[in-house]
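The next block holds one structure in the form of C-alpha cells; read it before the comments.
The values are calculated or read from the model by the stated rules, or taken from the named source; none is laboratory data. Predicted, not measured: the structure shown is a model, and the values here were computed from it. When we count neighbours, we look across all protein chains shown, and the Cβ atoms used for this are built from the backbone with ideal geometry, even at glycine. The protein model used for the area step is the full one, side chains on, heavy atoms only, and it has no ligands, DNA or RNA in it. Shrake-Rupley method; radii C 1.70, N 1.55, O 1.52, S 1.80 Å.
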Amino acid sequence: MRNDPALWPSPLWHLKKFTPDAPVLYFAPEVLQATARRFLEGFDGLVTYAVKANDHEAVLSNLVGAGLSAFDVASPLEMARVRAVAPDAVLHYHNPVRSRAEIAEAVGHGIASWSVDCPRELEKLVDVPRQGTEIAVRLRLPVAGAAYDFGEKFGADPDLAVALLRQAQQMGFATSLTFHPGTQCADPQAWAVYIVEAADVAKRAGVTLQRLNVGGGFAAHRSGVAPDLEAIFDRIAQETQRAFGGNAPKLVCEPGRAMVAEAFTLAVRVKAVRDSAVFLNDGIYGALTELRDIGVPDRISVVRSDGRSVTGENVGKVVYGPTCDSLDRLPDPVALPADIEEGDFVMIRAMGAYSASLSTGFNGYGLQQMTTVAAL
Ligand SMILES: *Cc1c(COP(=O)(O)O)cnc(C)c1O
C-alpha cells in the first residue's frame, strides 16, 4: 500500500481537494501514539502489539516512537517487518502451530516467548536456546463476550495446560500462561474468568508462573460509547491479585485491534445507487472484509464530494463492493442516508485494524492508498 508522504490537515480537506476515486485509509499518527501511551500508562505490565492487526511500517514506527518495545508476531515475515523498524524489539511468537523451518528462522530472530497448546508443538521446540526463554501455555475456556471465539482454533483445556506447564518447566524454560478472550471483547468478565482458571492451572501444576499474558481482544470504538479500557485494565490487575495473592505473576497484554483501530478512518466512494442498493468502490475483498464477519460499525458519515454532509434520514441499503463477484456484498443492509448519491464519500471511523492487512487486489480493486492526516 502506498503511503502518501505529505501530511494533510484532515480527511475532509483531502477529499475535497482530490476527490479520490479509489478507497483511502486516512492515518492520524497522533491518535495512534496517544492510544499507545494510554496502554503503556494504564496497563500494569508489559504491552506488546499484535502485528497482524495492521503491519504497516508507519504503524510500527509510530508505536516505537510512542515507547512500545515488544511485539506479538505470528510468522517470520512479521518478525522481519518489526526488526526492520526496531532491531532491538522484544518478539513474542504466539502462533502455537509452527513448521520446523519457521522455528529455525524464529530462533535466528531471538524470540523471547513462544506460545504452545499441545505436546507435539512443545517437543518441536527442544533445540530452542533456553537463556530465560519463555514458554507461554495457551489456555482455552468456553467464554462468551467477544465478537467471535478465538478458543475454537487454539488453546489447551485446563488439564492439558497443567501437563504442558510441567513439561515446559522440565525442559528448562521459563513458564507462563497465555489466553485470548476473543476479539472485540467488551466484557471485563471474560478476562476475569480466564485469570481465575489460570491461577488454578498453575497451582495444580505446582509451577510458579513468571508471567500471565492476558492476550488481546480489547474492543475498539465501533458503535455506541467508547469502551472503557481503563476499567478493563483495573479489573485485570485486581483479579490477578485476588486469584494469585502474594504469588502474582507479572502481566503482559497483546492488543491488536484496540491499539490501532481508532487511528484510521476509511473513505470509500459511491459508484452507483440503484433502488435500495449502493455500489461502493471497496468491499469484502478490500478493507471491508471484517464487516462481513463482525458486523458494520455505526460510526459512519456520508459527505458529498464538495464536503457537505449528507443528512437525510437513514434507511437500510444493500451494500455491494466493486468486484464482479456476487459474494462481494455485506450480509445485512447498512443504515445510510436516503439521499445518498453517486460520487458521495462514505467515511467509516476506527478502521485501522484488520482492514489494510486483509485487503486483497482481487479484480483490480482493494486498498492501495494510505494518507497521513494531522487529525481525523
Ligand atoms: C490476533 C491476536 C491478538 C490481537 O487480538 P485483537 O483482538 O486484535 O486485540 C493477540 N494475541 C494473539 C495470540 C492473537 O492471535
Heads up, the helices (runs of 4 or more DSSP H) in region 52-113 (entirely inside) with at least 3 residues that are touching a helix residue (DSSP H, G or I) at 6+ places or on another chain (Cβ under 6 Å) are 57-66, 76-85
Expected output for region 238-249 (first residue in contact (Cβ under 8 Å) with a residue 60 or more places away in the chain and at negative phi, partner outside any helix (DSSP H, G or I) and open to solvent by less than 90 Å² (accessible area, probe 1.4 Å), Cβ below 6 Å, 6+ apart or cross-chain) is P249/L209; P249/R211; P249/L212
Of the residues in region 294-318, those that are at positive phi and among the charged types (D, E, K, R) number 0
Of the listed residues (V162, V116), the one being closer than 22 Å to R211 by Cα, more than 16 Å from the ligand (Cβ to nearest atom) and either out of contact with any Gly (no Cβ under 7 Å at 6 or more places or on another chain) or of a type in the set (S, T, Y) (or both) is V162
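Which of the strands (runs of 3 or more DSSP E) contained wholly in region 158-253 include at least 1 residues that are of a type in the set (S, T, Y)?
Working: elements: 174-178, 211-213, 250-253.
Fully inside region 158-253 and qualifying: 174-178.
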Within region 250-285, residues modelled with pLDDT under 95 and among the polar types (S, T, N, Q) come out as S276
Counting only residues in region 209-227 that are under 22 Å from T48 (Cα atoms) and away from the ligand (no atom under 16 Å from the Cβ), the one most open to solvent (accessible area, probe 1.4 Å) is identified as Q210
Exercise for review: Evaluate the following for V137: is it closer than 21 Å to C253 by Cβ, at pLDDT 95 or above and not hydroxyl-bearing (S, T, Y)?
Suggested key: yes
Filtering region 317-359 for residues that are outside any loop (DSSP other than H, G, I, E, B) and open to solvent by less than 50 Å² (accessible area, probe 1.4 Å) leaves a count of 12
